[in-house]
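Asker: If you scroll down you'll find the structure; I have some questions about it.
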Amino acid sequence: MINSNTNDFLSNNARALKSRVSKTAYQGITIAVSAIIIATLLACYYHFGVISIDGIIKVQSTNYALWILDTIPFVFGIWGQYSSTIIAYEASALVFDQTQELRERADDFEKKAHHTATHDLVTDLPNKALFYDRVEQAALAANVINGSLSILLIEVGNYKEVNDTLGRNSSDSLLKQIAARLKGAFPAPASIAKIDSNVFSLLLSEAHSYHEVLAIAKNIHSALEPVFFVDKVKLSAHVNIGVVNFPDHGEDVDTLVQRAGVALYMAQESSNGLAIYDSSFDAHSPRQLTLMSELGQAIDRNELELYYQPKVSIDNGKIYGVEALVRWNHPTHGLIPPDDFIPLVERTRTIQTLSSWVLKRSFEQCAIWHQQGLDLKVSVNLSVKDLHNPELPDLIAGIRSSTEVEPAWIILEITESSIMTDPEMALDIVHRIHQMGFQFSIDDYGTGYSSLSYLKKLPLIELKIDRSFVSDILTSDNDAVIVNATINLAHNLGFQVTAEGVESLEILNALHDIGCDIAQGFYIAKPLPVSEFNAWIAASEWTTIPLLESNSSSAL
Ligand code: C2E
Ligand code: MG
Ligand code: MG
């Protein structure tokens, strides 16, 4: 097919070029014939004094110079045909070569783009998306032949420590070296991927018993045992390994990864850092781990609910806005707080479903309040993983247009760690959302990397100081200094500051004295379900009376 197209392409081009060269050859023939006629007439006139048919025949049959001239049109004809064919083929071959080169470059570009979307930037191993895909394919294939699979999650337990003490370059270098050693220890068909900042996965093409897994774990441990050199510093990697088998421990990739997470949790608790999932773990592992698999259905069953906690402007006591905080009303376990399920759900794709539910519900509620004339800014928490999801800007655009919310009514809360994991991608996503008019806030400020260079690059409206600093502001001089410095820094960068965890009037007064803009905390109100929040706001003193009492050192 390709060959016949190529031939057609070549011969069409050759034909076009050939006809142009032939045209030039015909012009040459015409000139040569004209030269023969003129030369013959001149020769006839020169010999006989007149131009006559007899004279022309005579000079043509006797004059050798005219004979030579007579051959020239034939020479032109043959030479023209020959060179036109050669030139035409050479030219079209050149065009073809260049087209081919352009096509190859386009193919290369496409391959590179696909590679980036499916591979981890640091280690170049397959990423979570590709890993899920491979597990799905492998499970389908295994189903056909009644086969089985094993998935190992390998967590680098001391990654955070390395990252916090030596910085990102060093932790990246450690991960690269670990990836190289794992690849060496488990050549294909074993498939290694990196599915989280500090978690590798290994897919094995059949299920393994505890003893077999023990041997594999030994291999992993011995591959990773020799120390790593990172910037001349000797480091060792402490790994835990959680294992699940398909189909015994789950039939779909989400369940399998969730249960491998449960096994990983048990591995952290075990003496040898290894555990194969067992349903009995569910009784021992924390409740949130066993609940993970139920979360996907919880959304369909309407078990999630958003609570709203008010944010109050410190200088005038007016309600500035609310933060939407998700809760899970579990039919048997009661109300489950987000810290118990979000970090674990973030390991799986369910986080996308959860985030999109939270965004949709909070935008809808925001629209309702604005229709009622309540000018509230609604803060919505984005997960670390959301800033790795290239579809997030489109998702937000869709929800925005269906709810008719103005972007200026929304503040999206992100954390520093969500930027630091893959800064290029995260910044791109943040900027795309900001272009629609949405504003961003850095949540839990002070607990993460606090990199000033990213603060500058982000389109921020707000810094939220973590409650761990705020709640101790009265008793710890260090915390008071940190809060004070953060407020100055934020103001200099043009951001407003919200203090989280304001639990008392004394803290509120202290925050007022050091120039904090907004307060959020139990002293004002706890997060409330929407009906209670509406009742609270209707009766609230915070909307009408001055916030601070006269015992403040600088009361309003
Ligand atoms: P966050 O975004 O920093 O939310 C503030 C947390 O501090 C909330 O906990 C809130 O109830 C709590 N808090 C507020 N004032 C006080 C106070 O005065 N004292 C004390 N002790 N606590 C206070 P919550 O609702 O349990 O949420 C915990 C975290 O879960 C949130 O921290 C946020 O990171 C995450 N989260 C909550 N909802 C969502 C969500 O819809 N999506 C995502 N991705 N994460 C969420
Ligand atoms: Mg928050
Ligand atoms: Mg916070």
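Just so it is clear, none of the values below were taken in a lab; they were calculated from the coordinates. Just so we're clear, the structure is a prediction, and the values are computed from it rather than from any experiment. Neighbour counts are summed over all protein chains in view; Cβ atoms, including those assigned to glycine, are modelled from backbone coordinates with ideal geometry.
Asker: Diagonalise the Cα gyration tensor of region 128-284 and give the resulting equivalent ellipsoid semi-axes, square root of 5 times each eigenvalue, largest first, whole Å. Before the final figure, lay out each step's value.
Answerer: On the way: eigenvalues 146, 55, 39 Å².
Computed over region 128-284, the values are 27, 17, 14 Å.
Asker: Hey, if you put +1 on the Cβ of every Lys and Arg and -1 on every Asp and Glu Cβ in the chain, which of 399, 22, 341 ends up farthest toward the positive end of that dipole?
Answerer: Selected residue: 22.
Asker: Tell me the relative contact order for region 128-284 as a rounded percent, counting alpha carbon contacts under 8 Å between residues six or more apart.
Answerer: Working: 240 pairs, mean separation 44.0, N = 157.
Relative contact order, region 128-284: 28 percent.
Asker: Calculate the dipole size of region 426-500 relative to its Cα centre from +1 charges on Lys and Arg beta carbons and -1 charges on Asp and Glu beta carbons; express the result in debye to the nearest 20. List each step's numbers first, then the result.
Answerer: On the way: 5 positive and 9 negative charges, 80 e Å.
Rounded to the nearest 20 debye, it is 380 debye.
Asker: Per DSSP helix of 4 or more residues, -39500 (n - 2.57); summed, then divided by the residues of the chain. What does that give at 222 nm, rounded to the nearest 500?
Answerer: Values: 20 runs with 307 residues, N = 556.
After summing the helix terms and dividing by the residues of the chain, the value is -18000 deg cm²/dmol.
Asker: On a 0 to 90 degree scale, rounded to 10, what angle separates helix 53-62 from the longest Cα axis of the chain?
Answerer: Compared with the principal axis, the helix lies near 80 degrees.
Asker: Just to be sure I understand: if I project the alpha-carbon convex hull of region 42-199 onto a plane and average over all orientations, what area do I get in nm²? Mind showing how you got there, number by number?
Answerer: Details: hull surface 89.5 nm².
Over every viewing direction, the Cα hull of region 42-199 projects on average to 22.4 nm².
Asker: A further question follows. Among 240, 255, 213, whose Cα sits farthest toward the positive end of the charge dipole of region 204-265 (+1 at Cβ of Lys/Arg, -1 at Cβ of Asp/Glu, about the Cα centre)?
Answerer: Checked the options; the winner is 240.
Asker: Hey, what angle do you get for helix 253-269 against the long axis of the chain, alpha-carbon based, 0 to 90 degrees rounded to 10?
Answerer: Around 50 degrees separate the two axes.
Asker: Here is a further query. Please give the charge dipole size of the chain, origin at the Cα centre, charges +1 on K and R Cβ atoms and -1 on D and E Cβ atoms. Round to the nearest 20 debye.
Answerer: Values: 39 positive and 66 negative charges, 522 e Å.
The dipole magnitude comes to about 2500 debye.
Asker: Taking a quarter of the surface of the Cα convex hull of the chain, what do you get in nm²? Provide the component values of the computation, followed by the final result.
Answerer: On the way: hull surface 182.7 nm².
Over every viewing direction, the Cα hull of the chain projects on average to 45.7 nm².
Asker: Another one. Could you give the Stokes-Einstein D for region 421-478 in µm² per second, using the C-alpha Kirkwood radius, 25 °C, 0.890 mPa s? Mind showing how you got there, number by number?
Answerer: Values: Rh = 12.9 Å.
Once the numbers are plugged in, D ends up at 190 µm²/s.
Asker: Okay, moving on. So if the hydrodynamic radius of region 446-504 is defined as the Kirkwood radius over C-alpha pairs, what does Stokes-Einstein give as its diffusion coefficient at 25 °C and 0.890 mPa s, in µm² per second?
Answerer: Working: Rh = 11.9 Å.
So the translational diffusion coefficient is about 207 µm²/s.
Asker: With each label point set 7 Å from Cα along the Cα-Cβ vector, what nm distance links residue 474 and residue 37?
Answerer: Modelled inter-label distance: 11.7 nm.
Asker: Another question about this same structure. For residue 375 paired with residue 279, estimate the spin-label separation in nm (one decimal), with each label point 7 Å from Cα along the Cα-to-Cβ line.
Answerer: Reported label-point gap for residue 375 and residue 279 is 5.8 nm.
Asker: Based on other C-beta atoms within 10 Å, arrange 255, 486, 62 from fewest to most. Can you show the working numbers first?
Answerer: Numbers: 255 17, 486 23, 62 11.
Arranged by neighbour count, lowest to highest, 255, 486, 62 become 62, 255, 486.
Asker: Under the rule of at least 5 residues apart or a separate chain, name every residue whose amide H is placed under 5 Å from the amide H of residue 377.
Answerer: Counting only residues 5 or more places away or on other chains, the set is 321, 322.
Asker: Extent of region 352-533 along each principal axis, from alpha carbon coordinates, in Å, largest to smallest?
Answerer: Reported extents, whole Å, longest axis first: 47, 40, 26.
Asker: I'd like the orientation of helix 168-185 relative to the chain: the angle between its Cα long axis and the longest Cα principal axis, in ° from 0 to 90, rounded to 10.
Answerer: Once rounded, one gets 70 degrees.
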